[in-house]
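The block underneath contains the structure these notes are about, expressed in structure tokens.
The values are calculated or read from the model by the stated rules, or taken from the named source; none is laboratory data. Because the structure is a prediction, the values reported are computed rather than measured. As a convention, Cβ positions derive from the backbone with ideal geometry for all residues, glycine included, and neighbour counts pool all protein chains shown.
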Amino acid sequence: MTRVRIVQLGPLQEQLNLREVVIKANRSQGQYIFHLAAPLEHVGEPTEYDGQYKFDLLADHLQSKRGNDTAQILIGVTDHAIYDQMFSAVNSELTCILISTADIEEDKVIQKTSRAGYVLFEIGAHLLTIEYRKLKKPKIKGEPEDCAEPWHKERLTCIFDWDEERRHTGQKIASPKMCAISSALLYEAGVAQTLIDATTNLVRAGLTPIRTFLRNQARDPITILILAALLGSVAGLKVFSTVSWWLQPYILLSLALAVLLPYRFWQLSRNK
């Protein structure tokens, strides 16, 4: 499994708990192992006149503090603005991800979910970017500020939309999905389905618990069967005394299955 280290760069907003990010990240998948490193309180003065930090310089500063850390990927989370108004990006060596929470209050959707959910979304998207670019032939060249595959400038409500406005990020977090174009790129590059599933789980790990819960129930065949039985039993009870004797056992069976619905909900939620 790939070892990933998350590092706080400078002070963060009080509402963002990176320990929560690490816990949710490890619970949601089994391809990456996340650890939280000691924070770097001082990141130096801004490199740009408007108070922003150049991506490469901030990434180099993070890498220089690695020490004996053996993690394959470092993720720096900062409240500072990154040059060119970037929210997040990965370096050309595919070893470092930077995520900025600057101006996050501009997105009402993020405010209603959680800042941890935003960070998890960006982590998942960029880890999948790394997996794709490792396999892509010929190698993708460009600066972190450039929009390069699997990202695209078309707004398709895809996790790889290269948005320049913070408010669009919340829309992707609320309904995370991948467009056909990006899916085809991952398939052509040969990215393993296990890695796609793991990073997609990371992207979705920030959804509110009730939303995640309902999404899981909708995909569970046993739950669907029980729900169908519940509907059938409700309808059947109304006409139980009027139907033929040979239909009555089926109505009773549907009612028995429906009784199992609360237990199934509890069982699935306990396994998450």
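Across the stretch 54-80, the number of residues qualifying as hydrophobic (A, V, I, L, M, F, W, C) and touching a Phe, Trp or Tyr at 6+ places or on another chain (Cβ under 7 Å) comes to 1. Screening Gln31, Gln85, Gln52 for residues that are in the same structural domain as Asn17 (by TED's automatic domain parsing), surrounded by fewer than 16 Cβ atoms within 10 Å (Cβ to Cβ) and not charged (D, E, K, R) leaves exactly one candidate, Gln85. Just one of Ile75, Ile104 is at pLDDT below 90 and within 18 Å of the chain's Cα centre (by Cα); which is it? Answer to the check: Ile104. Filtered by the rule that a residue be of a type in the set (Lys, Arg) and within 29 Å of Gln31 (Cα to Cα), the stretch 46-88 gives Lys65, Arg66. Restricting attention to the stretch 66-80, and to residues there that are out of contact with any Ser or Thr (no Cβ under 8 Å at 6 or more places or on another chain) and surrounded by 16 or more Cβ atoms within 10 Å (Cβ to Cβ), which single residue is farthest from Tyr53 (Cα to Cα)? Checking each candidate, the answer is Ala71.
For Thr101, indicate whether it is assigned by TED's automatic domain parsing to the domain that holds Ile140, closer than 22 Å to Asn17 by Cα, in contact with an Asp or Glu (Cβ under 6 Å, 6 or more places away or on another chain) and surrounded by fewer than 24 Cβ atoms within 10 Å (Cβ to Cβ). Against the criterion (assigned by TED's automatic domain parsing to the domain that holds Ile140, closer than 22 Å to Asn17 by Cα, in contact with an Asp or Glu (Cβ under 6 Å, 6 or more places away or on another chain) and surrounded by fewer than 24 Cβ atoms within 10 Å (Cβ to Cβ)), Thr101 qualifies. The single condition from (1) assigned to a loop (DSSP other than H, G, I, E, B); (2) β-branched (Val, Ile, Thr); (3) free of Cβ contacts under 8 Å to residues at least 24 places away in the same chain that Val43 fails is (3).
Residues that are modelled with pLDDT under 90, among the β-branched types (Val, Ile, Thr) and more than 20 Å from Ile23 (Cα to Cα) within the stretch 164-213 comprise just one, Thr169. Listed by first and then second residue, the pairs linking a residue in the stretch 61-84 that is without any contact (Cβ under 8 Å) to a residue 60 or more places away in the chain to a residue that is of a type in the set (S, T, N, Q) and part of a loop (DSSP other than H, G, I, E, B), with Cβ atoms under 7 Å apart and 6 or more places separating them unless they lie on different chains, are Ala81/Gln52; Ile82/Gln52. Which residue is farthest from Gly117 (Cα to Cα), if the candidates are limited to the stretch 25-52 and must be at pLDDT 90 or above and either touching a Phe, Trp or Tyr at 6+ places or on another chain (Cβ under 9 Å) or among the small types (Gly, Ala, Ser) (or both)? Applying the filter and picking the extreme gives Ala38. Quick check on the stretch 36-49. Is at least one of its residues in the same structural domain as Leu120 (by TED's automatic domain parsing) and within 17 Å of Glu93 (Cα to Cα)? Scanning the stretch 36-49 turns up no residue that is in the same structural domain as Leu120 (by TED's automatic domain parsing) and within 17 Å of Glu93 (Cα to Cα). Of all the numbered requirements in (1) modelled with pLDDT of 90 or more; (2) assigned to a loop (DSSP other than H, G, I, E, B); (3) touching a Phe, Trp or Tyr at 6+ places or on another chain (Cβ under 7 Å), Val22 misses one, and that requirement is (2). Can you tell me which condition Thr70 does not meet? The list is (1) at pLDDT 90 or above; (2) touching a Lys or Arg at 6+ places or on another chain (Cβ under 9 Å), and all the others hold. Going through (1) at pLDDT 90 or above; (2) touching a Lys or Arg at 6+ places or on another chain (Cβ under 9 Å) one by one, Thr70 breaks only (1).
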